2 protein chains.
Amino acid sequence: MNIENLSRNKSFDGWHKQYSHYSETLNCDMRFAVYLPPQASNGDKVPALYWLSGLTCTDENFMQKAAAHEVAAELGVAIIAPDTSPRGDDVADDDAYDLGKGAGFYVNATQAPWNRHYQMYDYVLKELPNLVESVFPVSDKRSVFGHSMGGHGALVLALRNPERYRSVSAFSPISNPVNSPWGKKAFTAYLGTDTESWADYDASLLMQKASQFVPALVDQGEADNFLAEQLKPEALEAAAKQSGYPLTLNRHEGYDHSYYFIATFIAQHLRFHAEHLKQ
Amino acid sequence: MNIENLSRNKSFDGWHKQYSHYSETLNCDMRFAVYLPPQASNGDKVPALYWLSGLTCTDENFMQKAAAHEVAAELGVAIIAPDTSPRGDDVADDDAYDLGKGAGFYVNATQAPWNRHYQMYDYVLKELPNLVESVFPVSDKRSVFGHSMGGHGALVLALRNPERYRSVSAFSPISNPVNSPWGKKAFTAYLGTDTESWADYDASLLMQKASQFVPALVDQGEADNFLAEQLKPEALEAAAKQSGYPLTLNRHEGYDHSYYFIATFIAQHLRFHAEHLKQ
């Protein structure tokens, strides 16, 4: 495994580090960040929480703005934050912020020109954990969480792979992308106009027919500008009711779509995951 | 007072807000940020902690990256973060990151072309608190803290105005700017080549002859790239010893100059200030 360390910062007695590696899945160089809690220096393997960011983000937004390190250090949980799309000069892109680079939507693209690099679903599901578990003192006890587009990604990954994740959570997820402008635009580009293929990447459609359950926590701000048009948590709630899915969905008066909202509730998410990761 | 609200985000039951106003001291429009803890909504005035950022920063860096809101909300203390220099198309600038915009060094410039706008010392000492105390439920119980160039600014403000501040703290301050390349370059430009005028803006020189004391806390990472050449905490320590100044200076193995270091120790600084602000 060829992996290059780009930076390191001590944080709450653990380490935040950025790495670059060549991804065979994505066919390009990729950067990711990891927070290793102090317990990872003792030789023991620590469980892993994978964070998926939202539109326009990189591996940096969560690490810098979510205020997650203190509680991760206390709980002894590693956090791994990949980038939100393939990167590089030869990677297809679009001028819009919600398509192309920074907007991979955690799907495996089937349509040209996107299919050459945009295989973020496989990257986050398989290649990245394989790499992380082979290089760091991080175990295969995994949970996944994310924000907005990354909340969509986290829910889809856990719903389709309940054997691989102990728990899933999301802040302000795009809960029903086949019915949101962001989702329709991205899925049309990446997956084509045959909307049947979209269902594999829609958390509400997946939850509705789920029979294997991964405990799920969702937090949503009620002053979120994107709530009604793009996020549609009510679709996820209705789906959970249909399948009896163990979903906890909290709404918070006054909170918006920003990292200030995430930071306010991040400790609750970390404790929720640690409870399931340590079983 | 003409003041325009630019943004608001709920955070830990309080509010992060950005404002723009015309500064008569700086002769230009300025932006600043404030975190108002939930206690500020009860009609009571809360004490105020002024944060001064380092080179290249704006009002945003601290609010987004320092993870300070949770403990500020618990303690009931407001945090006010000004920008690091005057701004605008007609404001003198330099291509370097350590002079001009983003690098005001919290001095009152006496040299052209800088003296037309670069009056950050007076802005932070007088105009900004006057504005804040007239517009927000924020009292005149003030403390001041900052990072790097802002740590220098905080120490200088408190040392020269002990009657205005209850306590002062700094992360990785430029402790002896008259002997650091950053300080020499900025002071030569803003204050001129007569180095006698520089002494009013050097925390170590001021602390050495101090007779009125503001309790002072400094934290410094030992893996900080700027430690030996630019920061020189040993000069501050020697000065405190000479005047008997109540300075607590902690060194931390492995920590660097970044906001990850600040976030790790921010709660200790907030509790230190709250203790003095609530007396």
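The values are calculated or read from the model by the stated rules, or taken from the named source; none is laboratory data. For clarity, every value in this text was computed on a predicted model and none was experimentally measured. Cβ atoms come from the backbone with ideal geometry, glycine included; neighbour counts cover every protein chain shown. All accessible areas refer to the heavy atoms of the entire protein, side chains included, with ligands and DNA or RNA removed. Shrake-Rupley method; radii C 1.70, N 1.55, O 1.52, S 1.80 Å.
Among residues other than residue A:277 with Cβ under 12 Å from its Cβ, the summed charge is +4 (Lys and Arg +1, Asp and Glu -1).
In terms of its alpha-carbon gyration tensor, the range A:1-142 comes out prolate; a/c meets the 1.5 threshold, and the first ratio a/b outweighs b/c.
With helices as the sole contributors, chain B gives -8500 deg cm²/dmol at 222 nm; each DSSP H run of n ≥ 4 counts as -39500 (n - 2.57), and the sum is divided by every residue. If you sort B:219, B:256, A:194 by accessible surface, 1.4 Å probe, largest first, the order is A:194, B:256, B:219.
Going from the isolated chain to the complete set of protein chains, the range B:242-279 loses at least 30 Å² of heavy-atom accessible area (1.4 Å probe) at B:254, B:255, B:256, B:260, B:264. Rolling a 1.4 Å probe over the protein heavy atoms gives the protein assembly as shown an accessible area of 37 Å² per residue. The Cβ shell under 11 Å around residue B:206 holds other residues with a net charge of 0, Lys and Arg each +1, Asp and Glu each -1. Counting pairs of alpha carbon atoms under 8 Å apart in space and at least six apart in sequence, what relative contact order in percent does the range A:210-279 give? Taking the mean separation of contacting Cα pairs over the length of the range A:210-279, I get 42 percent.
With Cα atoms as the point set, the protein assembly as shown shows a radius of gyration and Dmax of 25.0, 78 Å. Shown here for the range B:124-213: trypsin sites (Lys or Arg not before Pro) in loop regions (DSSP other than H, G, I, E, B) with at most 13 other Cβ atoms within 10 Å, namely B:209. Using C-alpha pairs under 8 Å with a sequence gap of at least 6, the mean separation divided by the residue count of the range A:131-240 gives a relative contact order of 29 percent.
The residues of the range B:48-92 listed by number as losing at least 50 Å² of accessible area in the complex, against the isolated chain and with a 1.4 Å probe, are B:64, B:65. Between A and B, buried accessible area from a 1.4 angstrom probe totals roughly 1800 Å², ignoring ligands, DNA and RNA. Test of understanding: extend the Cα→C-beta vector of residue A:243 to 7 Å, then name every residue of the range A:92-136 with backbone N under 14 Å from that spot. Label zone hits: none. Please report the net charge: other residues with Cβ closer than 15 Å to the Cβ of residue A:12, K and R +1, D and E -1. Taking every other residue near residue A:12 into account, the sum is -3. Stretching residue A:160 away from residue A:27 to a fully extended chain increases their span by 45.5 nm, per 0.36 nm per residue minus the current alpha-carbon distance.
For the protein assembly as shown, a crude dipole built from +1 on the beta carbon of Lys and Arg and -1 on the beta carbon of Asp and Glu, taken about the Cα centre, is about 1180 debye to the nearest 20. Per-atom-type breakdown for chain A gives carbon and sulfur 44% of the accessible area (1.4 Å probe, protein chains only).
A Förster distance of 35 Å, applied to the separation of the beta-carbon atoms of residue B:197 and residue B:20, puts the FRET efficiency at 0.65. Each residue, residue B:250 and residue B:90, gets one label point 7 Å from its Cα in the Cβ direction; the gap between the two is 4.7 nm. For chain B, DSSP calls about 50 percent of its internal beta bridges antiparallel. When residue A:134 is represented by a point 7 angstrom out along its Cα-to-C-beta vector, the spacings to that point in the other copies are 6.6 nm, nearest first.
Across chain A, C-alpha contacts under 8 Å between residues 6 or more apart give a mean separation that, scaled by the residue count, equals a relative contact order of 17 percent. Put a plus charge on the Cβ of each Lys and Arg, a minus charge on the Cβ of each Asp and Glu, and nothing anywhere else: the dipole of the range B:179-279 about its Cα centre is then about 260 debye.
In the range A:1-19, the residues whose accessible area drops by at least 40 square angstrom when the other protein chains are added to the isolated chain are A:9, A:10, A:12; the probe is 1.4 Å and only protein heavy atoms count. In this simple spin-label model, placing a label point 7 Å from the Cα along the Cα-to-Cβ direction at both residue B:41 and residue A:116 gives a separation of 5.2 nm. Within the protein assembly as shown, antiparallel bridges make up roughly 50 percent of the DSSP beta bridges whose residues both belong there.
Taking each of A:232/B:10; A:185/A:209; A:65/A:241; A:101/A:185; A:17/B:10 in turn, the alpha-carbon distance tops 23 angstrom for A:185/A:209; A:65/A:241; A:17/B:10.
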